[in-house]
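The values are calculated or read from the model by the stated rules, or taken from the named source; none is laboratory data. Predicted model only: the values in this text are computed from it and were never measured. Heads up, the Cβs are rebuilt from the backbone with ideal geometry, glycines too, and the neighbour counts pull from every protein chain shown. These accessible areas exclude ligands, DNA and RNA; they are computed on the full protein's heavy atoms, side chains included. Shrake-Rupley method; radii C 1.70, N 1.55, O 1.52, S 1.80 Å.
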Amino acid sequence: MPNKKSFTLYIVSILSVILLSFLIYQKLTLLSFINISFYFGITLLFVAAFTITLKGGFFDGITYGFRRLFVSKGRELSKEEVDEMIPVSELLDFDHSPFLISGLMVTGTMILALLIYYL
């Protein structure tokens with residue numbers, strides 16, 4: 001069961017899809033709804049996947065290497081200074097689940113509309 005944030009994001013996304021359909025196509029058709037909802041769904045899923053990847057520590061090694069490689073304010077950083085820096089995965093205090101759930105719901109709605117369109 002989706003939580004309140006996910007459901008709110010889903011409703012805002014669907015209303016935005018309808019509004020953009022009127023603005024871009026000057027009418028609301030099933031095909032315009034499918035086209036625009038695809039972009040909304042994939043964007044929400046991309047944000048969720050990027051956040052999961054970032055929080056999982058994938059970029060910590062890369063940023064650690066760059067911190068060791070480059071100089072800061074004209075001087076090289078010592079190993080202790082680099083070790084004291086907070087990893088990128090710990091800097092992000094962001095819940096990815098509303099984006100994941102609402103992205104799946106928007107994509108599911110788009111697939112349902114696509115099935116209706118082709119049947």
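Some observations on this one:
- Spread over its residues, the convex hull of the C-alpha atoms of the chain is 146 Å³ per residue.
- Heavy-atom surface of the chain, accessible at 1.4 Å and reported per residue (Å²): 70 Å²
- Here the chain has 71 percent of its accessible surface on carbon and sulfur atoms, given a 1.4 Å probe and all protein chains in place.
- Measuring gaps between exposed loop sites in the chain (trypsin sites (Lys or Arg not before Pro); DSSP loop; at most 16 other Cβ atoms within 10 Å), the longest gap, sites not included, is 74-119.
- The chain: calculated mean residue ellipticity at 222 nm from DSSP helix runs of at least 4, using -39500 (n - 2.57): -25000 deg cm²/dmol
- Pair THR43, GLU84: separation of 7 Å Cα→Cβ label points (nm): 4.2 nm
- Rounded to 10°, Cα long-axis angle of helix 30-55 versus longest principal axis of the chain: 20 degrees
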